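J.: Shown below is the structure under consideration.
The values are calculated or read from the model by the stated rules, or taken from the named source; none is laboratory data. As the structure is a prediction and not an experimental result, all values here were calculated from the model. Backbone-built Cβ (ideal geometry, glycine too); neighbour counts: all protein chains shown. Note: accessible area is taken over every heavy atom of the protein model, side chains too, but ligands, DNA and RNA are not part of it. Shrake-Rupley method; radii C 1.70, N 1.55, O 1.52, S 1.80 Å.
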Amino acid sequence: MPATKTELLDSVQNYVTLLKKKTPFADNRPSRHWYESFRKRHPQLTLRKPQNLSTSRAAVSKEDLQEWFEEQEKYLREKNLLDIPSSRVFNCDETNIVLCPESEKVITEVGARSVYRIVDSEKESLTVLFMYSANGIRVPPMLMYSYQGVIPKNIVDNTPKGWGIGVSENGWMTTETFYEYITNVFYPWLVQEKIQFPVIIYLDNHSSHITIPLVKFCRDKQIEIIGLFPNSTHVMQPLDISFFNPFKVAWKKLCRSGKF
């Protein structure tokens, strides 16, 4: 339970007031100088920007995850898939990419009330589905656009060969587009790369992922789908934990460079 600066100062103020301790603080509240000295006395502490965590995610316990791992170990052992090479184990997930990320701070005249940066659209974004193997090999991703009908020719022409393209009303992944990705992009890539079957895909339990046609196709093609424990992707989803953040940092840097 990390504390903000205000919460820390509130706690100290309440503490010295409750114990009736004599302090040099005005109204028993520590000053900015006390706070700065506190930071220096505790170099093991640092400032971090917290991520919002819903109550359902916060409710996931260590015991829940241990039970999930035990169940998966038993299942994979029964399927003789427990010790397969990392090249046959995959994780997929989607993320939202803002086409015009927030700008860095700019230098301007003192007193300027409004500072602008011209962009095509400040809210335009797209969804990208990434698939990586456990040994770090990227499968061709899928780009999701919020178009109705035919995708513009310039988008098709500029999309790298082998990548998937999908459309939906809001640009989010749907059951149909995820099925298209697995059948038209992922499976052909496995065959092309001569990956030995069966393979495993770990994914979250979003409704757009699991459908009867997809399950049937995966069973026929020896693709084992395993859902991660619900509301735990913030600690269990490999792409969420180690890939998306550095990817978006690199994306922002590229956008600001104007080299594409």
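J.: Report ³J(HN,Hα) in whole Hz for each residue of the range 138-152, in order, from the Karplus equation J = 6.51 cos²θ - 1.76 cosθ + 1.60 where θ = phi - 60°; Gly and Pro get x.
T.: In residue order, the calculated couplings are 8, 7, x, x, 10, 9, 10, 10, 9, 10, 10, x, 6, 6, x Hz.
J.: Further, regarding this structure: For the range 125-260, what is the charge dipole size about the Cα centre, in debye to the nearest 20, if Lys and Arg each add +1 at the Cβ and Asp and Glu each add -1 at the Cβ? Present the calculation step by step, with values, prior to reporting the outcome.
T.: Details: 12 positive and 9 negative charges, 116 e Å.
Approximately 560 debye in magnitude.
J.: Oh, and also: List the residues whose amide H sits under 5 Å from the amide H of Asp93, counting only those 5 or more places along or on another chain, with H placed 1.01 Å from N in the peptide plane.
T.: Answer set, sorted by chain and number: Phe130.
J.: Then there is this: With +1 on each Lys and Arg Cβ and -1 on each Asp and Glu Cβ, how big is the dipole of the range 162-226 about its Cα centre, in debye rounded to the nearest 20? Don't skip to the end; give the middle numbers.
T.: Working: 4 positive and 7 negative charges, 50 e Å.
In debye, rounded to 20, the range 162-226 gives about 240.
J.: Out of every Cα-Cα pair in the range 219-260, what percent are more than 17 Å apart? Display every interim value, and only then the final one.
T.: Values: 486 of 861 pairs.
Of all Cα-Cα distances in the range 219-260, 56 percent exceed 17 Å.
J.: Turning to a different aspect of this structure: More than 12 Å apart: what percent of Cα pairs in the range 171-213 qualify?
T.: On the way: 590 of 903 pairs.
Roughly 65 percent, once rounded to a whole number.
J.: In vacuo Debye scattering of the range 176-260, one point per C-alpha: log10 I(q)/I(0) at q = 0.21 Å⁻¹?
T.: Rounded to two decimals, the profile gives -1.05.
J.: Sticking with this one: At 1.4 Å probe size, with the rest of the protein present, what percent of the exposed accessible area of the range 213-254 is carbon and sulfur atoms?
T.: Summing carbon and sulfur atoms, their accessible area is 59 percent of the total for the range 213-254.
J.: Just subtract the alpha-carbon distance of Val98 and Gln44 from 0.36 nm times their residue separation and send over the number in nm, one decimal.
T.: On the way: separation 54, 0.36 × 54 = 19.44 nm, distance 3.48 nm.
So the chain would gain 16.0 nm between Val98 and Gln44.
J.: Step through the table entries Lys5/Lys253; Lys49/Lys153; Lys194/Lys252; Lys49/Lys221; Lys79/Lys194, compare each Cα-Cα distance with 32 Å, and write down the pairs that go over it. Each step should come with its number before you reach the end.
T.: Values: Lys5/Lys253 30 Å; Lys49/Lys153 41 Å; Lys194/Lys252 35 Å; Lys49/Lys221 44 Å; Lys79/Lys194 21 Å.
Result: Lys49/Lys153; Lys194/Lys252; Lys49/Lys221 exceed 32 Å.
J.: While we're on this one: From largest accessible area down, sort Val199, Val110; use a 1.4 Å probe on the protein chains. If you can, show how the numbers build up before the last one.
T.: Details: Val199 0, Val110 150 Å².
These residues rank, largest area first, as Val110, Val199.
J.: A further question follows. For Gln222 and Asn135, what is the calculated FRET efficiency with R₀ set at 30 Å and r taken between the beta-carbons, to the nearest 0.05? Present the calculation step by step, with values, prior to reporting the outcome.
T.: Working: r = 19 Å, r/R0 = 0.63.
Plugging the Cβ-Cβ distance into 1/(1 + (r/R0)^6) gives 0.95.
J.: Out of the trypsin sites (Lys or Arg not before Pro) in the range 174-258, which ones are loop residues according to DSSP with at most 11 other C-beta atoms within 10 Å?
T.: Numbers: sites: Lys194, Lys216, Arg219, Lys221, Lys248, Lys252, Lys253, Arg256; in loops: Lys194, Lys221.
For trypsin sites (Lys or Arg not before Pro) across the range 174-258 that sit outside H, G, I, E and B with at most 11 neighbouring Cβ atoms in 10 Å, the list reads Lys194.
J.: Taking the Cα-to-Cβ direction at Asp10 and at Leu76 and moving 7 Å from each Cα, how far apart do the two end points lie in nm?
T.: Going from the Asp10 label point to the Leu76 one covers 4.4 nm.
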